[in-house]
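Asker: Pasting a structure below so you can have a look.
The values are calculated or read from the model by the stated rules, or taken from the named source; none is laboratory data. Not measured: the values here are computed from a predicted model. All Cβ positions, glycine included, derive from the backbone under ideal geometry; neighbour counts span all protein chains shown.
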Amino acid sequence: TGPPGSGKSTLADRLTEELRKRGKTVGIVAVDPTSPFTGGAILADRIRMQSHSLDPGVFIRSMATRGHLGGLARATNEIVDVMDAAGKEVILIETVGVGQDEVEVVGTAHTCVVVSVPGLGDEVQTFKAGVLEIGDLFVVNKADREDANRTITEFEMMLQMAPKGAGWSPKVLKTVATTGEGVTALLDAIFEHRAFMNEGDLHRQKARERSERAFVALLQETLTARALERFDRNGRMQELIARVADRTLDPYTAVDEVLAKIGL
């Protein structure tokens with residue numbers, strides 16, 4: 001995960017190349033934003049991964065957010081489960097270009113890699129409200145640019161002030177995805193974090209939390225859909241919305257009316 005233009009797709013492509021050299025099968029979930037005006041999505045991330053398109057050991061699935069917030073698509077968890085069931089040994093999830101609070105990926109991935117680049121201004125300010133707090137590994141990509149070392153230092157200083165996790169100290173690494181520089185070290189760090197998760201049973205705990213979130217989200221979505229279906233008979237929903245729009249009824253009381261009508 002990381003901001004737009006940080007080179008996430010190219011980095012995912014290089015990681016896939018290194019994983020295949022190590023004999024690992026790979027699944028890639030690339031999430032692209034949906035236009036709020038047309039409802040369309042370009043799904044262009046996979047263009048940077050064409051070198052793997054004919055590799056039977058790699059499966060790439062592009063997804064549009066379709067308005068879902070958090071940096072992922074609504075069905076990302078399900079796609080990951082399908083890839084896992086299909087035997088993919090490593091699954092890479094590339095989020096949309098995120099800012100400060102699109103942190104849903106931390107509930108899906110076992111290892112969260114936050115990618116940044118030099119030249120974003122105050123890089124730490126960009127991340128500190130949320131994304132900085134979820135990273136297990138931090139990557140300064142395009143490290144051949146000027147000020148790369150300054151960006152690395154800023155991340156290291158911020159991480160020193162951050163609350164310490166349960167035994168794991170996030171690392172800051174640098175890469176140049178276009179040339180492959182630093183990718184091997186990054187993959188080694190990812191597997192190191194994976195081993196750490198497995199040692200302390202954190203892997204199982206995170207899987208349980210992920211299942212709980214998926215269940216609650218599906219329950220909320222289903223209950224909302226059924227509640228609206230039961231209430232919106234004979235145009236009652238439009239009548240209620242009109243009263244809210246006319247300010248003769250506040251939204252909270254309107255919700256209470258809906259729940260009372262359906263017996264909740």
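Asker: Going by the conditions given, is Gly71 assigned to a loop (DSSP other than H, G, I, E, B), modelled with pLDDT of 90 or more and either assigned by TED's automatic domain parsing to the domain that holds Thr178 or of a type in the set (D, E, K, R) (or both)?
Answerer: Numbers: assigned to a loop (DSSP other than H, G, I, E, B): yes; modelled with pLDDT of 90 or more: no; either assigned by TED's automatic domain parsing to the domain that holds Thr178 or of a type in the set (D, E, K, R) (or both): yes.
Here the answer is no, as Gly71 does not meet what is asked.
Asker: Looking at the structure I just gave you, is Leu264 surrounded by fewer than 12 Cβ atoms within 10 Å (Cβ to Cβ), of a type outside the set (Ser, Thr, Tyr) and at pLDDT below 85?
Answerer: Details: surrounded by fewer than 12 Cβ atoms within 10 Å (Cβ to Cβ): yes; of a type outside the set (Ser, Thr, Tyr): yes; at pLDDT below 85: yes.
Considered against the rule, which asks whether it is surrounded by fewer than 12 Cβ atoms within 10 Å (Cβ to Cβ), of a type outside the set (Ser, Thr, Tyr) and at pLDDT below 85, Leu264 comes out as yes.
Asker: State yes or no: is Ala44 in the same structural domain as Val176 (by TED's automatic domain parsing) and modelled with pLDDT of 85 or more?
Answerer: Working: in the same structural domain as Val176 (by TED's automatic domain parsing): yes; modelled with pLDDT of 85 or more: no.
Spelling it out, it is not the case that Ala44 is in the same structural domain as Val176 (by TED's automatic domain parsing) and modelled with pLDDT of 85 or more.
Asker: Next up: Buried (at least 21 other Cβ atoms within 10 Å of the Cβ), over 22 Å from Pro33 (Cα atoms) and at pLDDT 85 or above, is that true of Thr95? Don't jump to the end; show me each part of the working.
Answerer: Working: buried (at least 21 other Cβ atoms within 10 Å of the Cβ): yes; over 22 Å from Pro33 (Cα atoms): no; at pLDDT 85 or above: yes.
Criteria not met by Thr95.
Asker: Under 6 Å by Cβ, and 6 or more places apart or on different chains, what pairs join a residue from the range 181-208 that is closer than 17 Å to Pro170 by Cα with one that is of a type in the set (Phe, Trp, Tyr)?
Answerer: What qualifies is Phe196/Trp168.
Asker: For Met83, are the conditions met, namely being aliphatic (A, V, I, L, M) and closer than 12 Å to Thr16 by Cβ?
Answerer: Details: aliphatic (A, V, I, L, M): yes; closer than 12 Å to Thr16 by Cβ: no.
So Met83 does not fit the description; no.
Asker: Just give me the residues in the range 166-217 being small (Gly, Ala, Ser), surrounded by fewer than 18 Cβ atoms within 10 Å (Cβ to Cβ) and modelled with pLDDT of 95 or more, in sequence order.
Answerer: Ala185, the sole residue that qualifies.
Asker: Restricting to the range 54-78, name every residue that is polar (S, T, N, Q) and closer than 14 Å to Ser35 by Cα.
Answerer: Of the range 54-78, the ones polar (S, T, N, Q) are 62, 65, 76-77.
Matches in the range 54-78: Thr65 only.
Asker: A further question on this structure: Being hydrophobic (A, V, I, L, M, F, W, C) and over 17 Å from Leu223 (Cα atoms) is the filter; apply it to the range 233-253 and report the residue that is surrounded by the fewest Cβ atoms within 10 Å (Cβ to Cβ). Show your work before the answer.
Answerer: If we filter the range 233-253 for residues that are hydrophobic (A, V, I, L, M, F, W, C), which is where we start, we get 237, 240-242, 244-245, 249.
Applying the additional criterion that residues be over 17 Å from Leu223 (Cα atoms) yields 240-242, 244-245, 249.
Details: Leu240: 20, Ile241: 13, Ala242: 12, Val244: 15, Ala245: 9, Leu249: 15.
The selected residue is Ala245.
Asker: Counting only residues that are among the aromatic types (Phe, Trp, Tyr) and touching a residue at least 12 places away in the same chain (Cβ under 8 Å), how many does the range 209-233 have? Working first, answer last.
Answerer: As a first pass, look at the range 209-233 and keep what is among the aromatic types (Phe, Trp, Tyr): 215, 231.
Remaining after also requiring touching a residue at least 12 places away in the same chain (Cβ under 8 Å): 231.
So the answer is 1.
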